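Contents: one structure, followed by commentary.
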Amino acid sequence: MALPAEKERYTFADVLAWPDDERAELIDGEPVMMAPAPSRGHQRISFEMCRQFGNYLEGKRCQAYSAPFDVRLFEKDGDTPEDVDTVVEPDIIIVCDPSKLDERGCKGAPDMVVEILSPSTQRHDRLVKLGLYQRAGVREYWIVDPDSSTVQVFLQRDGSLQLHEVYDRQGVAKVNVLDGCFIELSKVFSE
């Protein structure tokens, strides 16, 4: 991506000014380039998970969103785009507080985040984003690994996201922030 001018710190205002075909996340004011469009397998997994979330959430207060969808993790009421220096684009989020949603995405921590690993994002999703989601107060974080057909579930406890459960392709994963919601992983990892 060709950034307009070298800056010390970028904000959401800069992101809004970038061309639509240039996608980057902002981590503490530093742009992080987004990889090209995800693989077909990644998209299939994302679609199936969204389908199952959507079926469960029909008629309920919580809502699911899939990428591309901007999440301004640390934005507070009264902040302007110039105040926001961290913007991520998770694969899937669940938001149960409608006041966190606006026309530009989600302001503050979603209740749940799902990241589907790809070779180029694996380290970023497992380290950088885990730390960001922990700091922001995300209640549940799933790391979906297409290579091993597993889902790692992290839950917020005592101010940190801690590994709670690991499911394989035959498992039925419990969504802890949604009472009575389960994701059938044999359908997610069907190929």
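The values are calculated or read from the model by the stated rules, or taken from the named source; none is laboratory data. Source: prediction; values computed, not measured. All Cβ positions, even for glycine, are placed from backbone atoms using ideal geometry, and neighbour counts span all protein chains on display.
Quick notes on this structure:
- For the range 157-174, a tally of residues being over 15 Å from the mean Cα position of the chain (by Cα), closer than 22 Å to C62 by Cα and of a type outside the set (G, A, S) returns 3.
- For the range 22-76, the candidate set comprises residues that are aliphatic (A, V, I, L, M) and in a loop (DSSP other than H, G, I, E, B); within that set, the residue that is surrounded by the most Cβ atoms within 10 Å (Cβ to Cβ) is L73.
- Within the range 79-107, being of a type outside the set (D, E, K, R) and in a loop (DSSP other than H, G, I, E, B) holds for T80, V84, T86, P90, C96.
- Matching residues, the range 75-134, being aliphatic (A, V, I, L, M) and touching a residue at least 60 places away in the same chain (Cβ under 8 Å): V84, V87, V88, I94, M112, V114, I116, V128, L132
- Hey, I143 within 14 Å of the chain's Cα centre (by Cα) and assigned to a strand (DSSP E or B) or not: yes
- Of the residues examined, L117 is one that is under 18 Å from V32 (Cβ atoms), crowded, with 21+ Cβ neighbours inside 10 Å and of a type outside the set (S, T, Y).
- Residue count for the range 169-191, restricted to those that are aromatic (F, W, Y) and not in a strand (DSSP E or B): 1.
- Complete set of residues in the range 120-132 that are over 19 Å from D83 (Cα atoms) and surrounded by 15 or more Cβ atoms within 10 Å (Cβ to Cβ): T121, H124, D125, R126, V128, K129, L130
- Entry remark, the range 157-168: residues being at pLDDT below 95 and not in a strand (DSSP E or B) number 2 in total.
- Taken together, the residues in the range 23-39 that are farther than 14 Å from R72 by Cα, of a type in the set (A, V, I, L, M) and free of Cβ contacts under 8 Å to residues at least 40 places away in the same chain amount to 2.
- One residue alone among D83, D97 is surrounded by fewer than 17 Cβ atoms within 10 Å (Cβ to Cβ), modelled with pLDDT of 95 or more and on the phi < 0 side of the Ramachandran plot, and that residue is D97.
- Screening S148 on (1) in contact with an Asp or Glu (Cβ under 9 Å, 6 or more places away or on another chain); (2) outside any helix (DSSP H, G or I); (3) buried (at least 16 other Cβ atoms within 10 Å of the Cβ) shows it passes everything except condition (3).
- Filter pass, D14 being over 30 Å from S186 (Cβ atoms) and either part of a helix (DSSP H, G or I) or at pLDDT 75 or above (or both): yes
- Any hit, the range 109-120, residues being assigned to a loop (DSSP other than H, G, I, E, B), touching a Gly at 6+ places or on another chain (Cβ under 7 Å) and farther than 20 Å from H42 by Cα: yes
- Filter result for L178 (in contact (Cβ under 8 Å) with a residue 12 or more places away in the chain and under 15 Å from the mean Cα position of the chain (by Cα)): no
- For first residues located in the range 40-67 and without any contact (Cβ under 8 Å) to a residue 24 or more places away in the chain, partners that are of a type in the set (G, A, S) and lie 6+ apart or on another chain with Cβ distances below 6 Å form the pairs G54/A64.
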